[in-house]
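Have a look at the structure below, then the notes.
What follows is calculated from the coordinates using simple rules that are stated; it is not laboratory data. The model shown is predicted, which means the values in this text are computed figures rather than measured ones. Cβ placement follows ideal geometry from the backbone for every residue including glycine, while neighbour counts extend to all protein chains displayed.
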Amino acid sequence: MTVTALVSGGKDSVYSAYLSDTQGWPVDELVTVVPEDPDSMLFHTPNLDLVSLQAEAWGKSHRRVRVRGRGEESELEALREAVGAGPGPVVAGAILSSYQWARVLRVADEAGRRVYAPLWRKEPARVVREEIDAGLDIRLVHLAAEPLTPDLLGRTLDRPLLSELERRNREVRAVNVAGEGGEFETLVVDAPFFSQRIEIDHFERVLDGTTSRMKIDRAHLAPKRSGTPRGTEGR
């Protein structure tokens, strides 16, 4: 049975694949869809090249599918290629995006596959707390909401930072604390189920109005460091 996980490198897709592993659906392959449109509504776009390092550290096979062209039809065609065919489920990290959920469900149904989305409709702050408590080392790599200032770029999403995001959300009501509205994107650089961690060698901070992103151009796998405070590697 082939279990395919749609993984972008961000916290929700990685955590969903991990939950599939531990809840009776061991993941056979991680599949990353690479869109041409940096503002894709369907797919995560930052630092997709690093999923191959995650897969290696996780001992999973990895497949990349490129979107040929822009627009919804091109992205759906790439999603069909990513889902492929097989008796096992497709694992997705959707939490609240009906747009994403409906399209993944439709494409999987066309292929005769079910969708396993363990985070679907869970309360966002609860999801983030679960991800942190599971030991994921999560970095903020893309910020696209005015309350999220550039000083947060590259920060580790831990419990104190989650509390800060919740405070900002109470003040301005403009930040989903799981980033489900596109307010921020993340990268998982380590997890208890990784044999090695991702060390960031070089990145560029790109600022554009209220948007800032961490463009990582060099990274490698390194042995895990005992006693190293999380959030200090690669700075």
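Using DSSP to define loop residues, name the trypsin sites (Lys or Arg not before Pro) in region 33-74 whose beta-carbon has at most 15 other beta-carbon atoms within 10 Å.
Those satisfying the criteria are ARG68, ARG70.
Note the angle between two axes, namely the Cα long axis of helix 98-110 and the longest principal axis of the Cα atoms of the chain, as a number of degrees from 0 to 90, rounded to the nearest 10.
30
For labels at ARG218 and LYS122 in the simple 7 Å Cα→Cβ model, what's the distance in nm?
3.7
Taking Cα pairs under 8 Å and at least six residues apart, what relative contact order does the chain come out at, in percent?
Relative contact order comes out at 20 percent.
Placing +1 at every Lys and Arg Cβ and -1 at every Asp and Glu Cβ, with all other atoms neutral, what dipole size does the chain have around its Cα centre, in debye to the nearest 20?
The dipole magnitude comes to about 400 debye.
Restricting everything to alpha-carbon atoms, can you work out Rg to Rh for the chain with a Kirkwood hydrodynamic radius?
So for the chain, dividing Rg by the Kirkwood Rh gives 0.94.
Return the tail of the calculated pair distribution for region 41-166, meaning the percent of Cα-Cα pairs more than 20 Å apart.
Tail of P(r) above 20 Å: 57 percent of Cα pairs.
On alpha carbon coordinates alone, what is the Rg over Rh value for region 95-216, Rh being the Kirkwood radius?
Reported Rg/Rh (Cα atoms, Kirkwood Rh): 1.00.
Taking the Cα centre of region 2-87 as origin, work out the dipole magnitude from +1 charges on Lys and Arg Cβ and -1 charges on Asp and Glu Cβ, in debye rounded to 20. Let's see the in-between values first.
On the way: 8 positive and 14 negative charges, 40 e Å.
That gives region 2-87 a dipole magnitude of about 200 debye.
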